[in-house]
Amino acid sequence: MKILIDLGHPGHVHYFRNAARLLQERGHDVLFTARDRDVIFRLMDAYNLPYFSRGAGGKGFLGKLLYLFQGDLAVAKVASRFGADLFMSFGSPYAAQASKLLGKPHLAFDDTEHAKYEHAMYVPFTDTIVTPRAYRKDFGGKHLRFDGSIELCHLAPPYFQPDARVLQEVGLTESDPFVLLRFVSWSASHDAGHSGIRYQQKIDLVERLRPHARILISSEGELPAELEPYRLSLPPHQLHDLMAFASLYVGEGGTTANECAFLGVPNLLINSLLGAETCPGVSTELKNLGVQEHFTDFTGVPERAVALLTHDERPLWRARRDDMLARSTDVTALMVWLAENYPLSAESLRKNPELLQRFRLVSKAVQ
């Protein structure tokens, strides 16, 4: 089978890289198309994944609309030359629409309820949509669910054990406390109208935390000049290794917060999406399980962060993480089985949801 996977965000590389490797080992051909954004290509090269660029995307509503046609055409051309039998993506309009143009099925994964633009552009052209069980939307007959979160694709114990050697590259040891801060750009179409930590609050946060731990900042955009010395300089494929040893994560990025939750790292997520009406289902579940804490604004964040740094709760958070993993799906194994046996696999799982038990995670994290 020939499988084409479209990527639009650095996180998507991690979601699909292990499944792609397993599919290749089982004799299938896998090819990626990818947006020229952030560190996507650097990650693809680090993991030795075959890919073609579909361009850098557009800015603003008109730019994004024009790029939709350009992206569709780019993906369709690559897929046609490749002879793709199946398209896969994380809610990609380009994969969905190109698959429809070529008369091939599209298997999509999703966990972002508020991505209304993307849903309008990909759902009508997609055969099967796979989401966490906690996902609040319902896509009807084309919808399949699993237990856990998409971040299990790269952080579940069968696929990831942290490498402590990364600490040496940033001048740390395993006994050194450090905080990872993550600031996002809020430029995605589904981020419109939402926000996180303001300019001065970023400065104030660093000032409050600096006496208690080393500060490392990952930021999608520009930082206040006084915070540039804290910017993390590390090859992007090593970020999860570093993250696993963090004393604390504080940031606006939901994906990174979720990753910390699955690594047993205390994490404080701050953004306006976390209200009762808009909070993603996965975030709500992680909060209820005690592996993530939410703030809709900056109020109380520094105080809680300092408390977590002065009273180390990591053993408690890791115990909760282990309990969560014991009830979770091996999402990579599920992904491989769905792709390799599609469409019979999806039809079987719709008729018999108990099949999901075949993909239960059995290993606990080692740390």
Check: Quick one: helix 301-310 against the long Cα principal axis of the chain, what's the angle to the nearest 10°, folded into 0 to 90?
Finding: 70
Check: Using θ = phi - 60° and the Karplus form 6.51 cos²θ - 1.76 cosθ + 1.60, what ³J(HN,Hα) does each residue of the range 27-43 get, whole Hz, x for Gly and Pro?
Finding: x, 8, 9, 10, 9, 10, 10, 8, 6, 7, 9, 6, 10, 4, 5, 5, 5
Margin query: Charges at C-beta only: +1 for Lys and Arg, -1 for Asp and Glu. How large is the resulting dipole of the range 58-104 about its Cα centre, in Debye rounded to 20?
Written below: 100
Notebook entry, point to check: Which is farthest toward the positive dipole end of the chain among Gly275, Leu216, Gln70, measuring Cα position about the Cα centre, with Cβ charges +1 (Lys, Arg) and -1 (Asp, Glu)?
Noted result: Gln70
Margin query: On the principal axes of its Cα set, how long, how wide and how thick is the chain? Give whole Å, largest value first.
Written below: 59, 46, 40
Margin query: Once you place label points 7 Å from the Cα toward the Cβ at Asp45 and Leu232, how far apart are they in nm?
Written below: 2.1
Note to self: Between 0 and 90 degrees, rounded to the nearest ten: what's the tilt of helix 93-102 against the longest Cα principal axis of the chain?
What the structure shows: 10
Note to self: How big is the dipole moment of the range 252-354 about its Cα centre under a simple scheme where the beta carbon of each Lys and Arg is +1, that of each Asp and Glu is -1, and everything else is neutral? Debye, nearest 20, please.
What the structure shows: 160
Item checked: Length added when fully stretched, Phe61-Arg133, from 0.36 nm per residue minus Cα-Cα -> 22.8 nm
Note to self: Strictly over 21 Å apart at the Cα level, which of Lys116/Lys142; Lys142/Lys287; Lys64/Lys202; Lys64/Lys137 would you flag in this model?
What the structure shows: Lys142/Lys287; Lys64/Lys202; Lys64/Lys137
Notebook entry, point to check: Charges only on Cβ, +1 for Lys and Arg, -1 for Asp and Glu: so what's the dipole of the range 67-178 about the Cα centre, in debye to the nearest 20?
Noted result: 640
Margin query: Could you put Lys104, Lys287 in order of accessible surface area, largest first, with the 1.4 Å probe and the full protein assembly present?
Written below: Lys287, Lys104
Margin query: On C-alpha positions alone, give me the angle between the axis of helix 254-263 and the longest principal axis of the chain, in degrees, nearest 10.
Written below: 80
Next item on the list: Determine, from the Cβ-Cβ distance of Arg198 and Arg37 and an R0 of 25 Å, the FRET efficiency 1/(1 + (r/R0)^6), rounded to the nearest 0.05.
Entry: 0.55
Margin query: Rounded, prolate or oblate for the range 248-324? Axes are the square roots of the Cα gyration tensor eigenvalues, ordered a ≥ b ≥ c, and the cut-off for rounded is a/c under 1.5.
Written below: oblate
Check: Tell me, what % of the accessible area of the chain is carbon and sulfur with a 1.4 angstrom probe?
Finding: 52
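The values are calculated or read from the model by the stated rules, or taken from the named source; none is laboratory data. The shown structure was predicted, so the numbers you read here are calculated from the model rather than taken from an experiment. Positions of Cβ are backbone-derived with ideal geometry, glycine not excepted, and every protein chain shown enters the neighbour counts. Heavy atoms of the whole protein, side chains included, go into the accessibility calculation; ligands, DNA and RNA do not. Shrake-Rupley method; radii C 1.70, N 1.55, O 1.52, S 1.80 Å.
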